[in-house]
Each structure stands twice: as C-alpha cells, then as structure tokens.
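K.L.:
I am attaching a structure below and will ask some questions about it afterwards.
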C-alpha cells in the first residue's frame, strides 16, 4: 500500500507491505500559504500539490497497491476545502480524507512508538510534539492512556502572520502561553519530537544538508535545548541561499519561527533534551492499514 500525508507545508508518501518500508517521497508544497489571511487554500498551493503528486508517481508505482491519503490542519481550516479536494482528485486521481486532530495525534503517536520500540527505547510516560505547518499537536502518553492537545499554530501560519522580529517574538509568546494552558502543570515525562523543524535541527548538527538527509541517522537522536539555541543563532546569521541548503526551498524563513516554537516547548516542559524521530503521520497511516502497533 501507499500512505500519503498532505500536511500544511509538506506532502509525504511511503510504500509499506506490512513487513518492510519501500520507496518514499516528500516535497514542500506550502499548502497553508496565505491561509491566515484569506481563510482559503490558494490556487498556487493546489498546483504545487498536484505537481508534487505527479513527481511522486515517477518515484513510486501508484498501481502497486491501495492508496490511503489523509490531510490535516490546513484543510481543516480552509473554507474552500471541498473545492480544493475535488480539484486534486480530478487532476491527480488521489482522494484525500480530512482527519481531525485526535486521529492525527493517535496515528502519529503509533508511528513514533513503533520506531522507538525498534530502537529499543520505549520511554513511558512521554509527550510527543508534532509541529506542523498549520497546527501543533501534543500527545501525552502514559501507561497506555493517550490525551491529545491541538494548537492552531504552525510554522507556516505563525511565521507568515508576523511582519518583523518583534512580532515573531510576540507570536511565540502567545504560542507558549497556549501550550502551557493546554498541557497543564503535571509531570510530563520524556519529550519526543517529530516533524520537519526538529528533524532539520538534528540533521544540521549531524552535518547533513537537505540533499543528504538520512532518516536512519535522525531516529533516536537526542537533541539538547542548548543545541537548538546554537542552531537558531547560526541559521539566523546565514544568508537565504546558504540557509536553503540546510532547510530546503520554501523553508528559509519559516525555519526560524519553527526553531523558536521548538524552544518554547522545551521551556514549557522544563526539558533540556528531546528524542527526535523522523516517522510521523505518513508511517502511522501505513501501520494502521496493517493493524500494527
């Protein structure tokens, strides 16, 4: 089967046969571009999504099995989601289902727990943080019980809504307050992070750039708060072309807001370190298809 996750910034696809992972593909499509202004998914974003699916068809054989395609925050928020999803279906043949934050969190958690188990590391309790393009999902897992919290702030929606550094700092303050409100003040356990920002930070620290990114080296990486602060300072001093080399086209400026969001979560949880996992919703979709945990 082929699992597809259309997020608010990136589309990610992977093959899975119930035993081993096959070919994968991902592309930055900026689904949520200007969503905070218009409340709609723009025509240029729709075209990028369709182009990315066409490109993926050159990598993955779409006729080899069933396709399960889910989409998340940007489509949940968009007032024109039905029109957009119909257009994508007519032009690509892929029908996406919009899933709620609870389903998104559950599937992502399953993928992360599965990967941690493969690594021989199963922290319990834990909080899983997934900073997407349009929202941030926080999943508290303790002894088999799951609680999901969703905040309508992501690297695209937060980053695009700020005009300058002072406004970014103010928006991060609001984000931090929302996280603290959602999470409460009880013990959190281990912090685990997935999605593009923390994996990009880890890749940078491991000497990888966007073209040499290797998820096998990312999974299980222990990322300290001090290293997050250092990477933020170093990326901030780079010109846009150099920064693109490390974070990918379309994320040159968004990554700065993303790192500040990561740091805010460390601070709310009082954490000095997080375990980084590359697996996310895409892998969770595939695991659920085969009823694997």
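K.L.:
Of 183, 261, 238, which has the largest mean-square fluctuation in a 10 Å C-alpha GNM of the chain?
P.N.:
Of 183, 261, 238, the Gaussian network model singles out 238 as fluctuating most.
K.L.:
Could you work out the Rg to Rh ratio of segment 2-100, with Rh taken as the Kirkwood radius (inverse of the mean 1/r over all Cα pairs)?
P.N.:
0.97
K.L.:
At 222 nm, what helix-only mean residue ellipticity would the chain give, in deg cm²/dmol to the nearest 500, using -39500 (n - 2.57) for each DSSP H run of four or more?
P.N.:
-14000 deg cm²/dmol
K.L.:
When only C-alpha pairs under 8 Å and at least 6 residues apart count, what is the relative contact order of segment 2-100, in percent?
P.N.:
Once divided by the residue count of segment 2-100, the mean separation gives 29 percent.
K.L.:
Just to be sure I understand, if you calculate Cα extents along the principal axes in Å for this structure, which of (i) 47, 43, 36; (ii) 57, 44, 40; (iii) 64, 43, 36 do you get?
P.N.:
Label (i) holds the value from this structure.
K.L.:
Quick check on the chain: of the DSSP beta bridges with both residues there, what percent are antiparallel, nearest 5%?
P.N.:
In the chain, DSSP labels about 65 percent of beta bridges as antiparallel.
K.L.:
Return the single residue from 264, 78, 170 with maximal mean-square fluctuation; model: Gaussian network over the chain, springs between Cα atoms under 10 Å.
P.N.:
170
K.L.:
Here is a further query. Pick out which of 212, 108, 157 has the largest mean-square fluctuation in a Gaussian network model of the chain, springs linking Cα atoms closer than 10 Å.
P.N.:
Largest GNM mean-square fluctuation: 212.
K.L.:
With the radius of gyration and the Kirkwood radius both derived from the Cα set of segment 71-199, what is their ratio Rg to Rh?
P.N.:
Reported Rg/Rh, Kirkwood definition of Rh: 1.02.
K.L.:
Just order 283-290, 9-16, 223-230 by mean Cβ neighbour count inside 10 Å, highest at the front, would you?
P.N.:
9-16, 283-290, 223-230
K.L.:
State, as an integer percentage, the relative contact order of the chain based on alpha-carbon contacts under 8 Å between residues 6 or more apart.
P.N.:
Relative contact order, the chain: 21 percent.
K.L.:
Related question: Exposure proxy check: 75, 118, 208 ranked by fewest other beta carbons within 10 Å?
P.N.:
Ranking 75, 118, 208 by Cβ neighbours within 10 Å, fewest first, gives 118, 208, 75.
Each reported figure results from applying straightforward, stated rules to the coordinates on display, with no laboratory input. Note that this is a predicted model, so its numbers are computed, not measured. Here Cβ is always computed from backbone atoms with ideal geometry, including for glycine, and neighbour counts include all displayed protein chains.
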